[in-house]
Amino acid sequence: MSYGGDIEEKDASIKAGTRRELLEESKFIVEEQDMEVMAEILVIDENGPRLTLYYVVAKVWRGEPGHHEDILNPTWYQARPIPHGVPEADEKILPLILDGIKIRGHVLYDENLHLLDFKLNPVEDID
């Protein structure tokens, strides 16, 4: 399952924001020490930089999935093979982070959200 959200000013870190978003959207409780930030990806479109995505992996959590109005029909998938229908960039990013490779890079999309270009660089750590 993949959840997403925004890091807010009140969040002390990416992990703190991730913890808060997971609790809000899924009712899962994940401790920050059980999370690992695996990727930092700048998303660029025809208007320039749009947003930065952080991919955070947690292998330990507590709780059962709950309902949230933003997640209408949550669906669980095996990590491999990468599920059909994920964004094109995720087809490149997810195998790397599932192999334990931390990456920093960018993806460039056109106005129809087709991947035009990407650069993914392995890094030691992501702050």
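Restricting attention to segment 1-32 and to residues that are open to solvent by less than 40 Å² (accessible area, probe 1.4 Å) and in contact (Cβ under 8 Å) with a residue 24 or more places away in the chain, the residue that is nearest to the chain's Cα centre (by Cα) turns out to be 18. Out of segment 33-52, which residues are open to solvent by less than 70 Å² (accessible area, probe 1.4 Å) and either among the basic types (Lys, Arg) or free of Cβ contacts under 8 Å to residues at least 40 places away in the same chain (or both)? Listed by number, the residues that qualify are 34, 35, 48, 51, 52. For segment 8-37, filtered to residues that are among the basic types (Lys, Arg) and outside any helix (DSSP H, G or I), the residue that is nearest to residue 127 (Cα to Cα) is 10. Residues that are closer than 20 Å to residue 126 by Cβ and modelled with pLDDT under 90 within segment 51-66 comprise just one, 59.
The values are calculated or read from the model by the stated rules, or taken from the named source; none is laboratory data. The structure presented is a predicted model; accordingly, all values stated were derived computationally and were not measured. Cβ: placed from backbone, ideal geometry, glycine included. Neighbour counts: every protein chain shown. Note: areas computed on protein heavy atoms with side chains; ligands, DNA, RNA excluded. Shrake-Rupley method; radii C 1.70, N 1.55, O 1.52, S 1.80 Å.
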